[in-house]
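Q: Please see the structure below; I have some questions.
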Amino acid sequence: MSTPKANSTYDAQLVTNAGDVIPNGWRLLADDETHGVDGPVVLGFDRALRELDGLNGHYGVRINPGDDVRLLEPFLDKLTVIEVAFPGFRDGRGYSTARILREDLGYTRVLRAVGDVLRDQLFYMLRCGFDEFLVKDKDPAEAVTSAAKRFSTTYQGAADSARPAWALRHAGV
Amino acid sequence: MKLLTANRLTDGLTLWYSGSGWVEDAAEATKLSDDDADALLIEWKLRETEVVAPYLIPLTDTGNPVQREHVREFVRANGPTIGQTTDAVAKEHGRTAIFEE
Amino acid sequence: MPATTQAPTPTMYKYDAFDHAFVRDRNKEFAGQVARRLAGEITEDQFKPLRLMNGLYLQLHAYMLRIAVPYGVLSSKQMRKFAHIARTYDRDFGHFTTRQNLQFNWIKLADAPKILEELAEVEMHALQTSGNCIRNTTTDQFAGAARDEVADPRPWAEVIRQWSSNHPEFTFLPRKFKIAITGATKDRAAIRVHDIGLHLKPSGFDVYVGGGMGRTPHVAPVIKRDLNPEQLLSYLEACLRVYNRYGRRDNIYKARIKILVSALGAEEYGRQVEEEWSRLDKAKVDAPAAEVNRIKSFFPDPAFVDGFDSAAFERARTADAGFARWVKNNTNPHKRDNHVSVTISLKPTGLPPGDASSAQMDVMADVADAYGYGELRVSHEQNIILPHVAKNDLYTLYEKLDAAGLGTANAGKITDMIACPGLDYCSLANARSIPLAQDISQRFEDAKLTDQIGDLQIKISGCINACGHHHVGHIGILGVDKQGIEFYQILLGGRADEKAALGQITGKGLSAEAVPAAIERVVRLYLDLRTSETERFIDTLERVGRDAFAEALHEHA
């Protein structure tokens, strides 16, 4: 028997919630890098807060655990991509970040999970409103499509369109 | 000197490395030189299809686990020390005493 | 005494198609993961979090499977299934825990999917019994039966169970999260030493947040009073979101919510929760009235039988002193005058607290059917409860239990100890708990002495994680390891009830051999000092102060 290769050792690929592998047109800018004409850029969180007020156009921003997503509220209309970082499997702050963006702040454009994104988290990420995943897996597209089908019953309202069991039980009442 | 121990993947039972492979009875465990032990640990950490969570138990000159580990390893080698799972179960499953308490 | 016919129909929540589908999906997924692991397709590093999510731990000697007993409520059918699993897949016994759950200590990985399938047949699973998620909600073991109950906590525990199942936002919290709920005046659920404690009153819920034991014990402060029950879930969601965002993740020992609440202060934490709560779309989170009513409809009173032949009952009490003593110690007042709640003690002298053999499980299921409307409970004191028993049936019930070694008349007494599995099973433990509990129970074997001492709670943990609740024992015992030798620190003055308080460590650790005698000295001192037989140990200790007792404890040390 050969020793299996851990999914976390595969290169990350960008997959949509529909299971399509797509190229990543966005680039995270180092904090001392100037942004010019090189194409769409993702700003670090603090830099975004400092600079977005004076910028025109569409940008991306990277939110790390510990960043208060609500500080972005005044700039949301300038953001095309929001990347939420999951530095480790066990750090679940990004799930709250995503739900606040979708359900509280009403952000509707691309919400992307990056970092240590593995197959077993995808179900929860989908429910919290992520629609793109930079996922490490042998078969990343299959990982996303199977996550979407993983459970037929959900018990709570969240950022996706799944209706909780209590809504379905009383549908039409 | 060290002992190499782990749990069997399929049923989780405590195993001991003897020269010829893994055994359930701690009394048959091989006392390994430190170098051999370190090499075997690395090997078995990579070969996780048979055993899980392998680790080394350092021994004193008299062949007992060093003090810090003593009680834990005694219980691990001999089975629970209590009530309805005591001696009978330990014997039934080949856990004869190896570490003198 | 005339036997009373009653229907063995437990009044508890029943799965519908959605609940069945949920458990089936999880089991199917886990069976696939186990197969992949056994085939060598995934590594232990990848598999470990997956098996833990399904309640399967690797302990000192073998895999341990922890099965969730939702808020401690069991049907006779489920208890029989436990007996079957113990016989078929384990070494013929199981261990009931302080979390009102059941653990099997000798499970084979290859059997786990089959066991989960068998559990699903009786509407049970092992989900969320591990990991940094919302764990099984615990409650009063006499819920729906106790005379001092103001409101029934069980429907709300079920509402919480469903909401917390596979919660997408709260599956990777900083640390595990435990909610307890009571609806009675006397707090039997120890709500103030839980992450969230809920006290249900006619005016709504009082919400306590940030209690806990472990390395830094805290008694939870109240952060909201009279919460409208219809908004319970959205309020909990706000509590959890603040914790998920701001709870510490840099240090496992500082990651529980108690540390956050104590760092922020209860007032500031409460303010942040209110703010978050005000921004939540409550209609999306709160279960609607129709759903709450549906869940409530599963918890009516059983069809209580009428009548009570008090003359026959008194004759039995007079004729059988053992029965009289058992009635006195092991029954709790019921809301119906002709019923009681019965505690089946799993603490016979010299045996591991909380353990039951498969034969005993079968007996408990049988007597639940014959005399207890088919329902049982697991108490956090690691006993089994028959919540509703007609007094006319008590003597027959007692005889059957006693014949099976289940008639120990020590509920709430000094030998009714809580003890975690300790180093005999647990890979986290530093010292053994169960053998010490056995020694202490032998020391106080004498029934007269036990009764003379009255209510006294001893709680033993084999490590600082405090699964044995040592912080809230009237006498708490904490096992520590000093250079390979087990020592036991003794705490005095803790209590888990509505006057929750933390015990304080007294002096140096004692050897296992010294503990029973030391406890006896403390108990003798109490008997000397108490003003009357109704002054309990904890009352005397609070009146006189700890010092005298601490001195007695360490007299010869």
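Q: So between C:N465 and C:E117, what do we pick up on full extension, going 0.36 nm a residue minus the alpha carbon distance?
A: Net length gain for the segment: 122.1 nm.
Q: Once the other residues with Cβ under 13 Å from the Cβ of C:D281 are scored (Lys, Arg +1; Asp, Glu -1), what is the net sum?
A: Details: positive: A:R99, A:R102, C:R241, C:R279, C:K282, C:K284; negative: A:E103, A:D104, C:E237, C:E276, C:D286.
Neighbourhood net charge equals +1.
Q: Can you give the average number of partner chain beta-carbon atoms within 10 Å of each beta-carbon in peptide C:276-284, as a whole number?
A: Numbers: counts 3, 0, 0, 5, 4, 3, 1, 1, 7.
Taking the mean over all residues of the peptide, I get 3.
Q: Considering chain A as a Gaussian network with a 10 Å cut-off on Cα pairs, which listed residue, A:Q156, A:Q121, A:Q13, attains the greatest mean-square fluctuation?
A: Highest fluctuation among the options: A:Q156.
Q: Using only Cα atoms, what is the ratio of the radius of gyration of the stretch C:418-553 to 2.2 N^0.38 Å? List each step's numbers first, then the result.
A: Values: Rg = 14.2 Å, N = 136, 2.2 N^0.38 = 14.2 Å.
So the Cα radius of gyration is 1.00 times the expected 2.2 N^0.38 Å.
Q: I need two numbers for the stretch C:177-319: Rg to one decimal and Dmax as a whole number, Cα atoms only, in Å.
A: When restricted to Cα atoms, the stretch C:177-319 yields Rg and Dmax of 20.0, 66 Å.
Q: More than 25 Å apart: what percent of Cα pairs in chain A qualify?
A: Taking all Cα-Cα pairs of chain A, the fraction more than 25 Å apart is 36 percent.
Q: For the stretch C:1-50, count all C-alpha to C-alpha pairs, find those more than 14 Å apart, and express that count as a whole percent of the total.
A: 69 percent
Q: Along the three principal axes, how long is the stretch C:43-141 when you take its alpha carbons, biggest first, rounded to the nearest angstrom?
A: 39, 30, 24
Q: Still on this structure, please answer the following. Magnitude of the Cβ-charge dipole of the protein assembly as shown, K/R +1 and D/E -1, about the Cα centre, nearest 20 debye?
A: Details: 100 positive and 114 negative charges, 192 e Å.
In total the dipole reaches around 920 debye.
Q: Next up: In the stretch C:153-296, what % of DSSP beta bridges are antiparallel (nearest 5)?
A: Working: 10 of 14 bridges.
Restricted to the stretch C:153-296, the bridges split so that about 70 percent are antiparallel.
Q: When you look at the Cβ of every residue in C:8-19, what mean number of other chain Cβ atoms sits within 10 Å?
A: Counting Cβ atoms of other protein chains within 10 Å of each residue's Cβ and averaging gives 2.
Q: Looking at chain A as a GNM with Cα springs under 10 Å, which of A:L14, A:L76, A:L49 has the largest mean-square fluctuation?
A: A:L49
Q: Another question, if that's okay. For the stretch C:1-65 and the stretch A:87-124, what is the separation of their C-alpha centers, rounded to whole Å?
A: What the calculation gives is 28 Å, centre to centre.
Q: Still on this structure: From zero up to wherever the largest Cα-Cα distance of the protein assembly as shown sits, split into 10 Å bins and tell me the percent of pairs in each.
A: Taking all Cα pairs of the protein assembly as shown, the binned fractions are 2, 12, 21, 24, 20, 12, 5, 2, 0, 0 percent.
Q: Rounded to the nearest 5, what is the percent of antiparallel bridges among the DSSP beta bridges in the protein assembly as shown?
A: 70 percent
Q: Given all pairs of different Cα atoms, what value in angstroms does the Kirkwood hydrodynamic radius of the stretch C:281-326 take?
A: Radius from the Kirkwood sum: 15.1 Å.
Q: Now a separate question. What aspartates and glutamates sit close enough to C:K28 to cross-link, taking a C-alpha to C-alpha distance under 16 Å and skipping anything fewer than 8 places away on the same chain?
A: A:D120, C:D19, C:D111, C:E117, C:E118, C:E121, C:E123
Q: What percent does the relative contact order of the stretch C:418-553 come to when contacts are Cα pairs within less than 8 Å and at least six residues apart?
A: 19 percent
Q: Another question, if that's okay. Listed highest first by mean packing, meaning other Cβ atoms within 10 Å per residue, what order do C:433-445, C:458-470 come in? Write down the numbers at each step before the final one.
A: Numbers: C:433-445: 22.2, C:458-470: 26.2.
Result, highest mean first: C:458-470, C:433-445.
Q: Which whole number in µm²/s is D for the stretch C:264-421 by Stokes-Einstein, with the Kirkwood Rh taken over Cα pairs at 37 °C and 0.692 mPa s?
A: Values: Rh = 18.4 Å.
Result for D is 178 µm²/s.
Q: For a quick check: with amide H placed at 1.01 Å from N, whose amide H comes under 5 Å from C:A68's, ignoring anything fewer than 5 positions away on the same chain?
A: Here C:H125, C:A126, C:L127 satisfy the definition.
Q: Now, a different point. Show me the three semi-axes of the equivalent ellipsoid for the stretch C:344-472, from the C-alpha gyration tensor (sqrt of 5 times each eigenvalue), largest first, rounded to whole Å.
A: Semi-axes from the Cα gyration tensor: 27, 17, 13 Å.
Q: Normalising by the residue count of chain C, find the relative contact order in percent from Cα pairs under 8 Å and 6+ residues apart.
A: This gives 15 percent for chain C.
Q: Mean projection of the alpha-carbon convex hull of chain C over all orientations, in nm²? Numbers along the way, then the final one.
A: Details: hull surface 100.5 nm².
Mean projected area of the Cα convex hull: 25.1 nm².
Q: Mind checking which lysines have their Cα closer than 21 Å to the Cα of C:K178? Skip sequence neighbours fewer than 8 apart in that chain.
A: Partners within reach: C:K186, C:K201, C:K224, C:K254, C:K258, C:K459, C:K499.
Q: How much of the DSSP bridge set in the stretch C:418-553 is antiparallel, in percent, rounded to the nearest 5?
A: The antiparallel fraction comes to roughly 70 percent.
Q: What does the helix-only formula give at 222 nm for the protein assembly as shown: each DSSP H stretch with n ≥ 4 adding -39500 (n - 2.57), the total divided by the residues, and the result rounded to the nearest 500 deg cm²/dmol?
A: Working: 27 runs with 270 residues, N = 831.
Mean residue ellipticity at 222 nm (helix-derived): -9500 deg cm²/dmol.
Q: Right, something else. What length, rounded to one decimal in nm, is gained on full extension from C:A290 through to C:R147, with 0.36 nm per residue of separation minus their alpha-carbon distance?
A: Net length gain for the segment: 48.7 nm.
Q: Using a simple charge model, +1 on the beta-carbon of Lys and Arg, -1 on the beta-carbon of Asp and Glu, nothing else, what dipole does chain C show about its Cα centre, in debye to the nearest 20?
A: It comes to approximately 1120 debye.
Q: A further question follows. Note the per residue figure in Å³ for the convex hull of the C-alpha positions in the stretch C:110-202.
A: Per-residue hull volume (Cα only) is 121 Å³.
Computed from the coordinates by the stated procedures, all read-outs in this text should not be read as laboratory data. As the structure is a computational prediction, the values presented were derived from the model and not from experiment. So basically every Cβ, Gly included, is an ideal-geometry build from the backbone, and we count neighbours across all protein chains shown.
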